[in-house]
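Have a look at the structure below before the remarks.
What follows is calculated from the coordinates using simple rules that are stated; it is not laboratory data. Here the structure is a predicted model, which means the values were calculated and not measured. Don't worry about glycine lacking a Cβ; one is built from the backbone with ideal geometry, like all the others, and counts go over all protein chains shown.
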Amino acid sequence: MRPRNPFNRRAVAYILGVLVIALAVNALRIQQPTLKAAPMSAQVVPYTVVLQEFWVRREGTAVPKGEYTNAIRGDGSRAMEMTSGDSANPSAERILDFSSGKMMYIFYPQKLKSTMFDPAKFRTANWLRDSGNNCLISGFPGEKPDGEEVINGYRAVKLILNGNLTEWFALDYGCALIKDRAEWPDGQTWSEKRLVALIPGEPVPSLFDDPAGVQQVPPSRWLPPGESDRAANDFDAYYLSHRPPGDPVKP
């Protein structure tokens, strides 16, 4: 059964955005064969950061929602986990980006996952930020630095994306995201992620585990109702043509 709650819809939109950005950036690089592939940052700083999301109204009311965990390993691999704040309908999604070129989406409580392998497109250069260059990602357009601030005692660079999303990254901790704020179209509400914990060093290995008892399926199995058939079919087609060697698929 496909996930139906609003949290899943927002998470899926984010996931699709990550995939589209990664494919677009790498397509541009692949079309320029005379250029060398962008190397991984000279120094990868491993960390784990936990953020709590709040929905905030102008009068100051803040309603706690989901919790977010972002982690970077010393080899550049990344884990992102999103857990809903709805106790009546608990859910969690995890995105794993490995430096090997493997990418995995995992969904609970549905116990579904989709795994792809494309070293030419899923590369650490697509998600590792450069602390020596305002925590920007090489080749990623649209982000604009807006000075530095101190957030929860951490020196942070402030980046603005498309005018309605503001993010703060810890300059001395591998550009870990320690706060963000997204304005909503109604002009009265925004989503804000606030720092719970920033833990330097290697993340716990279980964050990057391939969980047992989770069914491997095409993305259309977890895309929410309302997604266009064309988008689902295109995503499935890409998935089916980029399967990890020896990894079975059960449509």
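The distance between label points at residue 146 and residue 89 comes to 3.2 nm (points 7 Å beyond Cα on the Cα→Cβ vector). Computed from phi, the 3J(HN,Hα) profile of region 156-173 under the Karplus parametrisation 6.51, -1.76, 1.60 (θ = phi - 60°) reads 9, 8, 9, 10, 10, 10, 6, x, 10, 10, 10, 10, 10, 10, 6, 5, 9, 9 Hz, with x in place of Gly and Pro.
Segment residue 63..residue 133, full-extension length gain: 21.7 nm, with 0.36 nm per residue of separation and the alpha-carbon distance subtracted.
Separation of region 52-79 from region 85-131 is 16 Å, based on Cα centroids. Using 0.36 nm per residue and subtracting the Cα-Cα separation, the extra length available between residue 231 and residue 165 on full extension is 21.3 nm. When each of the peptides 203-212, 51-60, 66-75 is scored by the mean number of other C-beta atoms lying within 10 Å of its residues, the order from highest to lowest reads 66-75, 51-60, 203-212.
A Förster radius of 30 Å, combined with the Cβ-Cβ distance separating residue 212 from residue 75, puts the computed FRET efficiency at roughly 0.85.
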